[in-house]
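Take a look at the structure set out below.
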Amino acid sequence: MADSSTAVGNNGSKTLNFNVGVLGHVDSGKTSLSRALSSTASTAAFDKNPQSRERGITLDLGFSAFTVPLPEHLRDSCGEKTYNSLQFTLVDCPGHASLIRTIIGGAQIIDLMLLVVDVVKGMQTQTAECLLIGQLTCSRMIVILNKTDLLPRDKKQSVIDKMTKRMHKTLENTRFKGCPVIAVAAKPGGPDAPDTEEAQGITELIELLKAQAFLPHRDPSGSLLMAVDHCFSIRGQGTVITGTILQGSLRVNDTLEIPALKVTRKVKSVQMFHKPVPSAMQGDRVGVCVTQFDPKLLERGVVCTPGSLPTLHAAIISVWKIDYYKGALSSRSKFHITVGHETVMARVSFFSRAPGCSPPGASDERLSEQSSDSFSFDWEFQHQEEFMSGQGEAESQEPQQWALLEFERPVTCPQRCLVIGSRLDTDIHTNTCRLSFHGKLLEGFEDKNFIETALPRLKISKDKHKEGAVERVTDDYTVIGKNLFKKETNLQLFVGLKVTLSSGETGIIEGGFGQSGKFKIRIPDGLKAETKQLLSSSKKKGKGGAKTEPNKEEEAKTDSQPIIVHLNFKRYIFDPHKKMVQS
């Protein structure tokens, strides 16, 4: 039986699959580049969408492929696995601004990214957004300076050199520092020009792709998750679901679940670029034939091992702000959340570790990347009105933060998947980055009553501070306070809580006094002499008795500085009993 990570030809040769994402601004020539590179087009290739053909832009992920002999440097890294050829699967992601959700979905399946830049226009807003998505989703990139045929011949090389230099400068502080930049003309004369003119620089680009290719990490274990981008029926055979396997593997006769529809179907056959294969695994691009299924019900989405994908009403994620996003990240505001292969609106609430509650063994330095994606219901957290940004540009200067996402509709997605928050409703003509934050899904809530059933375990507190004043003293150990509570407040809830006086004493609320919201405070260590003097001078003035000159001075002092009662406590946001807690 064939190795499950390969396509097997009729002659038994094995092909290693390598996914290349083609990203860039609308009209930068991504689809033309994919056409020029490809020799084998899959069913989903090249703008199958009639709207795309009409408007001349890509509206969906397009897939196509070409195969080359296995480069020498890969023979050494393949170990005992023997491959004869290397298949580049090109994922043509849409550049149209409103389709960023599709790009983010597609970027999660790529090993290497081609960032296509119009050499005449240079970096544009969407180019920058594609670069950001690349930083979050893959480790290698090649920059393509396309449309070099539009440059005047006498200035062509100097413009290319200048743009190459500019791109290297742009990428200096990213993970793609020093990545290759290559100039091409994928479709000389533009999309409407006849195909007689040959594309320029494509042979050199294929050689560069071969040199940059590596043996991607492929793991056949675990449950299956496959991103579906196309679904169609073949008369007499069944329905074909095409897509890319994100995790796990599948074989002929396996049972698949379509979680969005809550149905299961059996796998009749599997193909990789029109070649039948017995099985496929993570990273492979496949067509899967199933029986008795209406293709109209599933155009995009996921299929999986039955029961393996949860449908979530809310989630907790680790969160990092994207530097280029200039807006505030405020709690209780709504963002577009792209998670798995879905984009849905969600209300976002930010929180961080409560002071003095570091994880065991944590140093003052930022926790490692691995532990920064950890979370526990045992930890104490504090609510934040908005995300706290660090003083510098680097993520490492931000305190570790998390967010609670409450989805407007349930989403089906794998645990620990990438999450991207964005403001896709921002005007696409303004020169602003719409990607706001990113993180990893750490906890999901499947119960639609999660607010009552699950969130009380989440210890996020808000600090509360109330102020009142001492009205009068009754004895050396008791004072009466006012203005801390409203008349209708249930004072029993506050009995036993500690208060501090602005004069320095600590007291305990003993209960209400009368009907107007006044209350009694016991001072266990007794009042200081100067406090009693202040309060008694205030009392004398209140009675309107005759006074000596020094008493008038004391009265004036009391008027300007009444003794304030401070009550500090915290409340856990999701505590159904709304208990007040003091440290």
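The values are calculated or read from the model by the stated rules, or taken from the named source; none is laboratory data. Quantities reported herein were computed from a predicted structural model and do not represent experimental measurements. Every residue, glycine as well, gets a Cβ built from its backbone with ideal geometry; the counts of neighbours run over all protein chains shown. Just the protein is used for accessible areas: all its heavy atoms, side chains included, with ligands, DNA and RNA removed. Shrake-Rupley method; radii C 1.70, N 1.55, O 1.52, S 1.80 Å.
Structural remarks
- Length gained on full extension, Asp27 to Trp379: 121.8 nm, using 0.36 nm per residue less the C-alpha separation.
- Apportionment of accessible area to carbon and sulfur, segment 205-326, percent (1.4 Å): 52
- A cut-off under 11 angstrom between Cβ atoms defines the neighbours of His313, and their net charge, with Lys, Arg +1 and Asp, Glu -1, is -2.
- Principal axes of segment 127-233: Cα extent on each, largest first, Å: 57, 44, 26
- Amide H contacts under 5 Å for Glu471, placed H, 5+ residues apart: Ile480, Gly481, Lys482
- Label point distance in nm, Asn449-Ser503, each placed 7 Å from Cα along Cα→Cβ: 5.3
- Solvent exposure of Asp154, expressed as accessible area, is near 130 Å², computed with a probe of 1.4 Å over the protein chains only.
- Inter-site label distance for Val495 and Arg522 at 7 Å from Cα along Cβ, in nm: 1.1
- Sequentially through segment 254-260, phi angles give Karplus couplings (6.51, -1.76, 1.60; θ = phi - 60°) of 5, 9, 10, 10, 9, x, 5 Hz, Gly and Pro residues having no value and appearing as x.
- Sparse-neighbour loop sites [GluC sites (Glu not before Pro); segment 471-535; at most 15 other C-beta within 10 Å; DSSP]: Glu488
- Computed FRET value (nearest 0.05) for Lys464 with Gln533, which takes r as the C-beta separation and R₀ as 30 Å: 0.40
- Point-to-point label distance, Thr426-Ala128, nm (Cα→Cβ direction, 7 Å offset): 0.8
- Per-residue accessible area (protein heavy atoms, 1.4 Å probe) orders Phe407, Phe232 as Phe232, Phe407, starting from the largest.
- Estimated FRET transfer efficiency when R0 is 51 angstrom, pair Gln561-Thr311 (beta carbons, to 0.05): 0.25
- Remark on segment 173-322: hydrodynamic radius 18.6 angstrom, per the Kirkwood mean of 1/r across alpha carbon pairs.
- Heavy-atom accessible area order for Ser330, Ser537, largest first, 1.4 Å probe: Ser330, Ser537
- Cα gyration tensor category, rounded, prolate or oblate, for segment 184-235 with a/c compared to 1.5: oblate
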